[in-house]
Structures are given as C-alpha cells and as structure tokens.
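What follows is one structure encoded as structure tokens, with my remarks underneath.
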Amino acid sequence: MSLQPVGTWAQGSLPPAFSANNLLDVVPRIREPLFILRDPASGVVGAATGGQLIGGAPDGRSSFPVLAVLPALYPEWLGDRSFGEVHGTRFPYVAGAMANGITTTRIVIAMAKAGMMGFFGAAGLPPQRVDAALEELQRELGDRLPWGSNLIHSPNEPELEERIADLYIRRGVRRVSASAYMALTPAIVRYSATGLALGADGKVHRKHFVFAKISRPEVAGRFMAPAPAEMLAALVRDGKLTAQEAELARRVPVAEDYTVEADSGGHTDNQTLTALFPIILRLRDDSVAKYGYDRPIRLGAAGGLGSPSAIAAAFQLGASYVLTGSVNQAAIESGLHESGRKLLAQAGLGDVAMAPAADMFELGAKVQVLKRGTMFGVRAQRLHELYRTYDGYEFMPADVKQRLEREILGQTCEEVWASCESFFAERDPQELARAQADTKHKMALVFRWYLGLSSKWAIAGLADRRMDHQIWTGPAIGAFNDWVRGSFLEPTEARTVVQIAYNLLEGAAVITRAHQLRTYGVPVPAAAFTFSPRPLA
C-alpha cells in the first residue's frame, strides 16, 4: 500500500535526501519541518528540509511529489504538554531524589534554571539538614522555578515521616516525590490535601503536588483513588486538616503525577518498563473514568533510562515525563564522593546486584547497588543470612561472630550496639525497648548500623571503608557509559546534570524523528537511530 501525493515540493538551497548518507544529514534537523518525498524515477521515498510547497506537477529534478509534511519536533514536545503547564517546566524531564542528599541542592538548582525539575534527596537525612536545604532552595528558586523534595515512607519511623511532611507544609514546599510507599499514610494524605480549595470555575485547585513513585499496580491504585474517608476524618479530628480540605480531598486523587519505576537503583522491584507501564496506563484510565476526575493524571517513566533510545522508548509508551537517577549520581553536582563517581563511570551493564535494604531489613526488602569495585553487596547479603540463621549475635558460634566483626563490621558487636544505643536514645527510644526484649531485633539494629552507614561512607569517600561503600545504581549507568564512550561526556569531570539531560532529550527527539520517517516508508539507515553526545546550549 503506497501513499498518494498531497502536493509538490520545490527544492531550495538543499537537495532532497534519498540515499543513506544524505538521510543521515536530514534526520537530526528536528527543528525544521520535514517533507516526505518520492523520487518519480526510482520510486524511492526520501525526505527534505527547506524548499516550499508549490502548485503544478513535479519534474523529478528540482520538484518532487510530497507524500506528507512533518512539523518541527522539539525535545520540549516529547512529553505531555500539561506537565509543563502545571509545573512550569520547559522540558518534560525530572532528576529523581537520590537519598542521603545525593541529589543535592546543586542538582535541583541547576535543573530548575535549565527549565527542568529536580527533587532534593531528603530521605535518610535529619529534619534540620532537610530544613537547611529547603531554605537554600527557596532562597535561590522561590516559587519562580519548579523544584521539590523527597518524602520517603518510613514504616519503622512514622514520627520522622510526619515531621518531614510537617516541615514541607510549614515551608511551603509545593512538590513532593513520595517514594517506597506500600500503603497510604496520614503524612502523605495530609500533605496532599493541605491547601485544597474550590476555584471560581467550580474545580478543585491544588496547593501541593505529589509525585508518587510506584512499581506495583496495587500501590498506584491507592494513590489514584481519593484519600480514605476514615484517614481524612482522623486528620480533621486532630486539627491537621480543615473540614473543607477533607471534603475536597474526596473529589481528587492523592497524586496527579506518577513515576512508573522500572529496574532502577536503590529500592526496586526490577520490573521491565515495557511490561509495567501499559498496566499502570490502563489503571490510570480506569481510575479517571471511575471517579470522574476533571484534571489529567500524568504518568512519568523511570528506571533503565541511560540512553536516548531508552528515553525515546519511554515517551513512545506514553510517558508524560521521564525521570533519571543513576546517570545523575555520576555527575559533578552529585553528593556522591569523587571516588564513587569514578567507579560508576567504569560500570558496565552487569555491574549491579541486589542487596538487603537498611530501612526495611527485617522485611527482606532489597536495594540495587554497584557491584564493581566494592564488596558491599556480598557483605550485606552475608548479614541477612546470619539474621535468618541466628536469634541474636550472642547465640553465634565464636568463630562466626569473630569473622563477622573482623570482615564486615570492623568493630565488636558490643561496640556497634553501644553506638546504636546512643543513636536510638535520641532518634527513637522505642527501638531500644524492643531490642531489650528481643535479641533478634537487637541483632537487626546492629546489622542496620552497617547497612545505614555504608552509604554515608560512600558519600564521604571514607578511604578505610572503600570496600564497604554502598552505591545505589541500576543498569542505566552501564547503558549510559556505553553511550558516552569516546565523547565529551565520558570523563567524570565533564558530566553535568544539565548536559546529561540535554543530550538525552536531544538524542531522544532525533531517534523519534528517525522512527517517524521509517513509518512513512523512508529507508532510514540504522545509524540514524543513534545520537552522539555533544556540548549543547
């Protein structure tokens, strides 16, 4: 089945492209309209930029039959236009919140000033450190430019989650990335509902926007529904919401933006984006129909996004925006120490592994970490094996305990426990009471000491703990390193979050254009589906 001509194109300063080499010159011109042409002599379909549409019959030398006209394609247009309209970004691109401040205020500020968005990595930080970061962000960006911060589900420390949520409300933080949630909590519901108001148009208007990071349909469904009535009633009873806010919360979802997280660094279910995204997409459509929402629910994509091809594929799936993590951790603005960034820059696709998570160790939750250049993954797994085997470190055979202390902890179990006592006496005294009554829980706290500090050792670049560094990353870093090899982005000192983002988006637009041409029958060469990094303004 062949396309019928819709007009005639007259050549301008540039000739049409019918050969592979000439097509390679045309495809990257994404910011110009593109004419799909047929060569009357050979019947080959090609493409051209410039020139103009004219009347009359084509002559096959300076004018050709036009099969279609493609408008300009800008990286800004790859996602859902409502994303930029609602959040004030130029590009549909987000730098995700990497915990312990690895997504620094520097990253957030750089992204905002470049027309994108970043979330400060507040998870794992004490409230006073988060407060200082918010003060800096509000001083530098205010409400003029879009930015946000992370609120992580803390099942072991619900009071800490409440304190951070309260801080965001008091500070006027308008966007929160909600991560690691398995169920709704009063903290995230309160943040979402605070400031809801009825506009003159009769619609509910938001003050706060929740970006729910999800990898399971059942969790997404909870955020896509209105907040539970009993939870709203309790918040009103406790004076944390007004009756009007609670009433309006029954008419809107808890979150309007969802980051569909595939195989990623840190907490991950190792899902494949192409399998997961369509399921969440259908769930979104069903939820909108079921509850009659009059505002759009946007789905972003994350996990495995380390190349322009992956970014283009995410937008092809229907993503409103893309969110990157691992690739930003290797950037110079990252909170990770230079030694860790260099390790990341050497990582291949298979240089990652799953290891027990510090925050949900006893539940068996895992995080994805860098395997190359560190023993953390192996040592963390050994801790979980010991936890499953023994009821407490006091019950371990002497040689097993000594090896644990010598090869992993670097201290005696008793010395580590003394540190735990000091920490939890201030952070959560209930943990100490529970540990005194349960030797297995006491052992878990000792092991969590190692799991929790190992990421901080990596951030600080602690040399004598080099082999214990916990560096969260997914396979995206291997794909990224392969893509930038031989380019200006290969050296770690050249990797900035903005240049990484610009190149990923530019490349995604070029690859999208190549795909468009192919659907019209243009014999696009395979090389057109690649994009080499280059400094971009």
Can you say whether residue 132 is surrounded by fewer than 20 Cβ atoms within 10 Å (Cβ to Cβ), assigned by TED's automatic domain parsing to the domain that holds residue 213 and at pLDDT 95 or above, as far as the supplied structure shows? yes
Restrict the check to segment 193-211 and report whether at least one residue is among the hydroxyl-bearing types (Ser, Thr, Tyr) and under 23 Å from the mean Cα position of the chain (by Cα). no
Given (1) within 29 Å of residue 244 (Cα to Cα); (2) buried (at least 19 other Cβ atoms within 10 Å of the Cβ); (3) in contact with a Gly (Cβ under 8 Å, 6 or more places away or on another chain), number of the condition residue 119 does not satisfy: (1)
May I ask you to list the residues in segment 291-310 that are surrounded by 17 or more Cβ atoms within 10 Å (Cβ to Cβ) and outside any loop (DSSP other than H, G, I, E, B)? 298, 299, 300, 301, 302, 308, 309, 310
Tell me, please, whether a residue that is out of contact with any Pro (no Cβ under 6 Å at 6 or more places or on another chain), over 30 Å from residue 304 (Cα atoms) and not assigned by TED's automatic domain parsing to the domain that holds residue 114 can be found in segment 471-486. no
Residues in segment 99-107: is at least one touching a strand residue (DSSP E or B) at 6+ places or on another chain (Cβ under 8 Å) and modelled with pLDDT under 95? yes
Only one of these is assigned by TED's automatic domain parsing to the domain that holds residue 274, β-branched (Val, Ile, Thr) and over 26 Å from residue 155 (Cβ atoms): 374, 324. Name it. 324
So how many residues does segment 419-434 have that are touching a Leu at 6+ places or on another chain (Cβ under 7 Å) and in contact (Cβ under 8 Å) with a residue 12 or more places away in the chain? 3
Specify the residue that is farthest from the chain's Cα centre (by Cα); the eligible residues are those in segment 262-290 that are surrounded by fewer than 16 Cβ atoms within 10 Å (Cβ to Cβ) and touching a residue at least 60 places away in the same chain (Cβ under 8 Å). 279
Can you report the number of residues in segment 311-346 which are assigned to a loop (DSSP other than H, G, I, E, B) and within 24 Å of residue 150 (Cβ to Cβ)? 11
Here the residues within segment 511-525 that are in contact with a helix residue (DSSP H, G or I) (Cβ under 7 Å, 6 or more places away or on another chain) and under 21 Å from residue 319 (Cα atoms) are 511, 512, 514
Considering (1) assigned to a helix (DSSP H, G or I); (2) within 27 Å of residue 505 (Cβ to Cβ); (3) among the small types (Gly, Ala, Ser), say which one residue 132 fails and leave the rest. (2)
Residue satisfying all of: in segment 311-330; farther than 21 Å from residue 177 by Cα and in contact with a strand residue (DSSP E or B) (Cβ under 9 Å, 6 or more places away or on another chain); surrounded by the fewest Cβ atoms within 10 Å (Cβ to Cβ) among these: 317
By my count, helices (runs of 4 or more DSSP H) wholly in segment 367-472 with at least 1 residues that are surrounded by 15 or more Cβ atoms within 10 Å (Cβ to Cβ) and either among the acidic types (Asp, Glu) or in contact with an Asp or Glu (Cβ under 6 Å, 6 or more places away or on another chain) (or both) are 376-389, 413-427, 429-437, 439-460
Matching residues in segment 102-129 (more than 15 Å from the chain's Cα centre (by Cα) and assigned to a loop (DSSP other than H, G, I, E, B)) number 5
Which of (1) assigned to a loop (DSSP other than H, G, I, E, B); (2) in the same structural domain as residue 205 (by TED's automatic domain parsing); (3) more than 20 Å from residue 488 (Cα to Cα); (4) in contact with a strand residue (DSSP E or B) (Cβ under 9 Å, 6 or more places away or on another chain) does residue 359 not meet, given it meets every other one? (2)
Within segment 4-46, how many residues turn out to be assigned to a strand (DSSP E or B) and touching a residue at least 40 places away in the same chain (Cβ under 8 Å)? 8
Is one or more of the residues making up segment 509-522 outside any loop (DSSP other than H, G, I, E, B), free of Cβ contacts under 8 Å to residues at least 24 places away in the same chain and out of contact with any Leu (no Cβ under 8 Å at 6 or more places or on another chain)? yes
Boolean, residue 54 is surrounded by 14 or more Cβ atoms within 10 Å (Cβ to Cβ) and either in contact with a strand residue (DSSP E or B) (Cβ under 9 Å, 6 or more places away or on another chain) or at pLDDT 95 or above (or both): no
Among (1) in contact (Cβ under 8 Å) with a residue 60 or more places away in the chain; (2) surrounded by fewer than 20 Cβ atoms within 10 Å (Cβ to Cβ), where does residue 163 come up short? (1)
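Conditions tested, residue by residue: (1) surrounded by fewer than 23 Cβ atoms within 10 Å (Cβ to Cβ); (2) at pLDDT below 95.
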{"position": "508", "(1), (2)": "no, no"}
{"position": "513", "(1), (2)": "no, no"}
{"position": "518", "(1), (2)": "yes, no"}
{"position": "525", "(1), (2)": "yes, no"}
{"position": "537", "(1), (2)": "yes, yes"}
If we keep only residues of segment 487-506 that are out of contact with any Pro (no Cβ under 6 Å at 6 or more places or on another chain), of a type in the set (D, E, K, R) and surrounded by fewer than 22 Cβ atoms within 10 Å (Cβ to Cβ), then the residue farthest from residue 307 (Cα to Cα) is 493
Within segment 294-304, does at least one residue satisfy the condition of being in contact with a helix residue (DSSP H, G or I) (Cβ under 6 Å, 6 or more places away or on another chain), at pLDDT 95 or above and outside the structural domain of residue 214 (by TED's automatic domain parsing)? no
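The values are calculated or read from the model by the stated rules, or taken from the named source; none is laboratory data. The structure displayed is predicted, hence computed values, not measured ones. Don't worry about glycine lacking a Cβ; one is built from the backbone with ideal geometry, like all the others, and counts go over all protein chains shown.
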